[in-house]
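Only the coordinates and a few stated rules stand behind these numbers; no lab work does. Everything quoted here is computed from the prediction, not taken from an experiment. Here the Cβ is made from the backbone with ideal geometry for all residues, glycine too, and neighbour counts use every protein chain on show.
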Amino acid sequence: MDHFSSYHPSVLLVYYVIVLLLTMFTVHPVLLVCSLLGGILFFAATNPLKALGKNLIFYLFLFFLLALTNPIFNHRGETPLFFMNDNPVTLEAILYGAGVSVMLIGIMFWCKCYNQVMTSDKFVYLFGKAIPKLSLVLSMALRFIPVFKSQMKKISQVQKTMGLYTSDSLTDRVIGSIRTLSALLTWCLENSIETADSMKARGYGLKGRTNFSIFCFRMDDGILLAALGAFLCMSGVGYQQNVFEFYYYPSVSPIPTGAGAYLQYSIILVMMLFPSILEIKGRIQWKLLRAKI
Amino acid sequence: MEIIKSEDLSFTYPGQEKRAVDSVSFKILPGEFVVICGESGCGKTTLLKLLKRELSPNGTLEGEIYYMGTRLGELDDRTAACEIGYVMQNPENQVVTDKVWHELAFGLENMGVPTPEIRRRVGEMASFFGIHEWFQKETSQLSGGQKQLLNLASIMVMQPRILILDEPTSQLDPIAAADFINTLHKLNRELGLTILLVEHRLEEVFPIADKVAVMDRGRLLLYDTPRIIGSELKEKYQNHPMLLGLPSPMRIYQQLDARDDCPLTIREGRDFLTRNYQKEGRIQSPEREKPVRHREKEEELAVHLKNIWFRYERALPDILAGVDLRVRKGEIFSILGGNGSGKTTLLSVISGQNKAYRGGIKIFGKKIKEYKSGELYRHNLALLPQNPQTVFLKTSVAEDYKEIGKVMGYGKEELEEDIARIAGQLNIQELLPKHPYDLSGGEQQKAALGKMLLLKPRCLLLDEPTKGIDAYSKAVLRGILDNLRKEGITILLVTHDVEFAAQISDRCSLFFDREVISEDTPVSFFSNNNFYTTAANRMARHMYPYAITCEDVVALCRKYGRKSI
């Protein structure tokens, strides 16, 4: 978990934007499969096997659902396989459905990992750079939510033991929660005055506020960023050479081949697998280090 | 040059006749550790806030405050904010951000310190305070003691010259509070930081203070070294309520009218007793006949727990493991125990907020499950929570009280009669029209207790009733509980406050390792404990092993008399 996510948040964000954009704006099967593979492997490297198994089963089901729904409603394409209610079910539509569901599932897996990699403080840090006030507000809000929750629980328990509006009837429950909420609001207002005092006492409002973060931009981050830039340039070249051109309708176009295309594919594969390679490498290294002791 | 000097300082809140602070003059020298004590509502907090310009309340101010020879009002903003640090009472509300590291950096960010400098200062401070272990945590996951330490550290990174603290330990348990005071002592001793502290818990701070200020109704009564305060307060102001709040050795010394130096610590107290008083001749337990340990009959029990097991979730460990508890009708039963040991959870299980997964609970001989919805809370059981603010929902205490009438189905006259009676009993008539949040900690406690009493319970459960209230309010609360016992109400309280439990309870027990153990009368409970016992007992046990309160020690000293020299 900590090998990839220890990169600087801005680098992580760039990586994620590239991966997601690349996955979302292409229908090229090689690209999609690479992305899906990368997403699943990364998820597997950072989560217990049990979670992976559960997710795989669910998404396999989703895959078939999507792949089979498309041809039922979409009848484009040149090669009808059979007719259903006088409508052709075409090979192209089935392949297109499969392609789109691979894309969707790939994105899902990447997003699942995103939550683990880009934690709230990284998010706040990134956007705080652009809008410093917003970052503080976000940080305060994130502190407030758990406090709010626990106080709500306390109030409602105490009110329950006083026997106020505690029967199981709907009206009682509604009135009970409204009352708790109103008490909670008073409590929040009252206590936030103290928070405001504490901010003032520590000089909030002085001129020239800076933004501190515990993230530092290291050499590794620079290297990865440069690599990502190079990758983007390479992809631009590939785009120029029509390596990424692919269409399903009216008939499935051939997948571009040739040395240039293979080079492009392998670069994309490496780039998509990068986080999982890093995780796996880290684990093997650790094992080796342990073995040497 | 004195770091803070106040000359004839007076302050009146808008719309009030009485001065909240009344012609107070004092000087604080660099490196001094000054403790201010006084009853709640005597103007301590107002005085402290006046010294911190950003927090000074609205109202009319007379007199002058100087910081390092400059008028406080003429200081530039940066100096005023950074060089005078201020820590407040409530650990929770002072935290601003969601991460510990961000909280530490917050003050420095405001000052506009560049990132590498912040990194160094935060790192240095986190190591000094031992925060590095939870540096990356979310602030909401910290305990109260950790939060308060974080608040202190996040002031200290701004490198203040004077630290002002307003009852910083009142919401903490005794161990966290002692840790906090020790940290302050360390700051004072090792960094020469000037500290101005308002405190209720004087046992720990008196021995380390250089000066003590006693305030009463806005005036500064005394301002001197702790030892002199100890002897002067008694001479000049007999029966002053502040006398109740002094450390046990000082109280015993004062009540004995001895001619000797005033002892400050337990050790000095022991020496003082050995030097001046005769030992108990034949040591006798005050309970001559041992109470017959008969198994109480079921009818005599108010609360009966049999082999209770509880955990919050299936995957989590047990909080209660085989708890057996028998509380007799009409007694005051205290459960003592450390923080996080599960005392509050135990109360929540007894009061039906949580359900045990094994074992049986009987309240007044009837199984808890057999009470229909809400019936348990009408005329049977009431729970006063740790934080009295959670009890109130309305805009005034009186309205909150009236609502109870609706639930209980009292008539209008009956309700008014009840409110008047309970308000009289608790002496809170003037609090009724006020907003609950405008009351002080002790007043909130009393008002909340009043609301519970309107439910006319036969058994009252109290969760840390002495948390955050001063010695005088504690004495008042003791009187109230005593009266309730006389009316036949059973009281079960959980607390860390050893002194309070020793004075009030009929029986005490210790909650340890998920169980209630060693239940006994206070005298044998505390005299058998070596560490977990009252200060008076620790001080006098070598002479009078069965004395557990200050009054006991004083009585025995008088009985056996002075040593003839």
Self-check item: Rg [Å, one decimal], Dmax [Å, integer] - segment B:4-234, C-alpha atoms
Solution: 17.6, 55
Exercise. Using only the alpha carbon atoms of chain B, find the Kirkwood hydrodynamic radius as the inverse mean reciprocal pair distance, in angstroms to one decimal.
Key: 25.8
Quiz item: What are the aspartates and glutamates whose alpha-carbon lies under 14 Å from the alpha-carbon of B:Lys486, with same-chain residues fewer than 8 places away excluded?
Solution: B:Glu331, B:Asp506
Practice problem: Enter the Cα centre distance for the pair segment B:370-412 and segment B:49-91, rounded to the nearest angstrom. | Solution: 43
Quiz item: Rounded to a whole number of µm²/s, how large is the Stokes-Einstein D of segment B:298-534 at 4 °C and 1.567 mPa s, given Rh as the Kirkwood radius over C-alpha pairs?
Solution: 71
Quiz item: Roughly how large, in nm² to one decimal, is the mean projection of the convex hull of the alpha-carbon atoms in segment A:98-155?
Solution: 6.2
Quiz item: How many angstrom separate the Cα center of segment A:226-248 from the Cα center of segment A:71-95?
Solution: 32
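Mind checking the mean number of beta-carbon atoms from other chains within 10 Å of the Cβ atoms in B:83-89?
On the way: counts 0, 1, 2, 5, 2, 5, 1.
Mean partner shielding for this stretch: 2.
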Quiz prompt | Cα centre as origin, Lys/Arg/Asp/Glu Cβ charges: segment A:132-201 dipole, Debye | solution = 180
Self-check item: chain A: relative contact order in percent, alpha carbon pairs under 8 Å with at least 6 residues between
Solution: 31
Quiz item: Which three lengths, in whole Å and largest first, does chain A cover when its Cα atoms are put on their principal axes?
Solution: 72, 58, 48
Practice problem: Specify which residue in the list B:Ala382, B:Tyr67, B:Tyr253 is farthest towards the positive end of the charge dipole of chain B, using unit charges on the beta carbon of Lys, Arg (+1) and Asp, Glu (-1), about the Cα centre. | Solution: B:Ala382
Quiz prompt | Averaged over B:47-55, number of beta-carbon atoms from partner chains that fall within 10 Å | solution = 2
Quiz item: For the protein assembly as shown, with only Lys/Arg (+1) and Asp/Glu (-1) charged at the beta-carbon, what is the dipole magnitude about the Cα centre, in debye rounded to 20?
Solution: 1840
Quiz item: To the nearest whole number, what is the average tally of beta carbon atoms from other chains within 10 Å of the beta carbons of peptide A:207-217?
Solution: 6
Practice problem: Rank B:Gly145, B:Ser23, B:Gly338 by how far each Cα sits towards the positive end of the charge dipole of chain B (+1 on Lys, Arg Cβ; -1 on Asp, Glu Cβ) and give me just the farthest. | Solution: B:Gly338
Self-check item: Extreme residue, positive dipole direction of segment B:4-234, given options B:Cys82, B:Ile228, B:Gly123 (C-beta unit charges)
Solution: B:Ile228
Quiz item: Dividing the Cα radius of gyration by the Kirkwood radius, what Rg/Rh value follows for the protein assembly as shown?
Solution: 1.07
Exercise. Could you pull out the pairs from A:Lys160/B:Lys137; B:Lys49/B:Lys211; B:Lys372/B:Lys402; B:Lys343/B:Lys456; A:Lys149/B:Lys367 whose alpha carbons sit more than 26 Å apart here?
Key: A:Lys160/B:Lys137; A:Lys149/B:Lys367
